[in-house]
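So the structure is just underneath, and the comments pick up after that.
The values are calculated or read from the model by the stated rules, or taken from the named source; none is laboratory data. All values derive from a computational prediction rather than experimental measurement. Neighbour counts run over all protein chains shown; Cβ positions are idealised from the backbone, glycine included.
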Amino acid sequence: MERTSRAVSGSMLGTVLARVIAPAALFAIAAYQWRIGSTDALPVWIANLARNRGADPVVLLRILLALELGLATIILLVGRWARPLATVALAAVTFSAVASASALLGDWPRLVWPLVTALVAGGLLALVRLVPARVPPAVSGAWRVIVAVVAMVGGIGVASRVPLVRSSAPPRVARTPSVPSGAVELDVESWIGQPVSATAVKTHLPALTALTLEGRSLVVFYNPRCGRCHELFEDLAARGAFDDAVPGSDGVRVDRVIAVEVPNAEGAFEAAGDELSDIVCPGCPRLVLPKGPIWMITPPIAVVVQDGVVTCVAKGEVDDCLAALAGS
C-alpha cells in the first residue's frame, strides 16, 4: 500500500512538473520579455546573430514570444504531448541561457541572469525527465492537432500585437579575455587590402571579424583620455555617421561605426588633466582591446572595412578616409 502511495505521489509530481511548472516557466519568460518591451529582451546570442546577419530583431523577438506562448498553451492543454514538449522547451531555454552566458563571459553584472536561467531551466529539465508522470486519458489525434494549431495561432496573434521597440543601446559583445603583459604592435597600415580575419587584430578582437563581414564599416581605435579621439567622434556625429537617414554630400556614408578602445598599459602614468569621459557614439558596437600589454598604436586611427576587407587606414588626421566616405 505504501509503495503504491509513493508511485501515485511520484506520478502526480511528474505531472505537475510537466503540465504546470514547465508551461508556467515559459509564460513567465514571455511576460518578462513583454514587460521589457524592446529588443533588449532578446537573448544575447540571438541579438548578436541578428546584427551579424542583418535580421530584424523586432521580428525575431515576436517569433520567440509566439513560440513561448504557443508551446506553453499546448503543454498545458494537451496532456499526451506535455512531457516531450516540456523537455524540448526546457532544453531550448537551457541552451539559450548557456549560449548567452558564453557571449557575456567577463561581464559579471549581465552574466548573472543567464546563469540563473540556465541553472533553473536545467534543473527543471532534469526533474521532468527523471520523475515519472501519469499517463493522461487518450484523446483523439485530431483534437490534439486542433488544439496545437489554435494555440500557435493564438501565440502568433498575441505576439504580433505586443508593443515592441528597437533598442538604441549598443550591441552586447563579449569582453575579450586578458592576455599576458608585454608590447603588442598593430601595424594597421599593412592591413589595407586584407580581410579583417587575416590581420593581427583578429587574435585580440575575434568579434571584429563578424561585425565587419557585411556592408561598409568604420572602425575607430580610440582612448577615452584622448582629446583628439573625442573630437573625431563629435565630427562623425556632425557628419551624420550615426544617423539612420542618408547624410548629405558632405556626410559620412557607413552602415556602422565600431568603437575599439585602446586601454592604457597596466601601471601607465596618467596625467591629472587627461580627459576621461564617454565618447559620442550612439548605437555603436563597442569593443575593448585586452588590458595588460602595451599597445603600440596611437589613437585615433580610422579603418574603413568594406564587406570584410580593409580599404582605408588613416592615423591621427582621418580626413582622407572620411572624404572617401562622403557622398560615395
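Of all residues in region 281-295, those that are farther than 28 Å from Asp255 by Cα and surrounded by fewer than 18 Cβ atoms within 10 Å (Cβ to Cβ) total 3.
Quick grid of which residues meet (1) crowded, with 19+ Cβ neighbours inside 10 Å; (2) modelled with pLDDT of 75 or more; (3) of a type in the set (Val, Ile, Thr):
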| position | (1), (2), (3) |
| --- | --- |
| Ala238 | no, yes, no |
| Ile279 | yes, yes, yes |
| Thr298 | no, yes, yes |
| Val304 | yes, yes, yes |
| Ala326 | no, no, no |
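Taking each residue of region 95-122 that is more than 22 Å from Ala18 (Cα to Cα) and in contact (Cβ under 8 Å) with a residue 40 or more places away in the chain and looking for partners that are surrounded by 13 or more Cβ atoms within 10 Å (Cβ to Cβ) and of a type in the set (Asp, Glu) with beta-carbon atoms closer than 6 Å, six or more apart or interchain, yields nothing. Scanning region 240-268 for residues that are modelled with pLDDT of 85 or more and over 23 Å from the mean Cα position of the chain (by Cα) yields a single hit, Pro263. Selection of first residues in region 73-92 that are not assigned by TED's automatic domain parsing to the domain that holds Ala31 and of second residues that are modelled with pLDDT of 90 or more and surrounded by 20 or more Cβ atoms within 10 Å (Cβ to Cβ), restricted to Cβ pairs under 7 Å at least 6 apart or on distinct chains, gives an empty result. Candidates are the residues of region 306-317 that are in a loop (DSSP other than H, G, I, E, B) and small (Gly, Ala, Ser); the one that is surrounded by the most Cβ atoms within 10 Å (Cβ to Cβ) is Gly308.
Considering only residues in region 31-44 that are within 18 Å of the chain's Cα centre (by Cα) and among the small types (Gly, Ala, Ser), the one that is surrounded by the most Cβ atoms within 10 Å (Cβ to Cβ) turns out to be Ala41. Within region 109-124, the presence of a residue that is at pLDDT 75 or above, within 30 Å of Arg51 (Cβ to Cβ), among the aliphatic types (A, V, I, L, M) and touching a strand residue (DSSP E or B) at 6+ places or on another chain (Cβ under 8 Å) is excluded.
Restricted to region 17-30, and to residues there that are of a type outside the set (Phe, Trp, Tyr) and touching an Asp or Glu at 6+ places or on another chain (Cβ under 8 Å), the residue that is surrounded by the fewest Cβ atoms within 10 Å (Cβ to Cβ) is Ile29.
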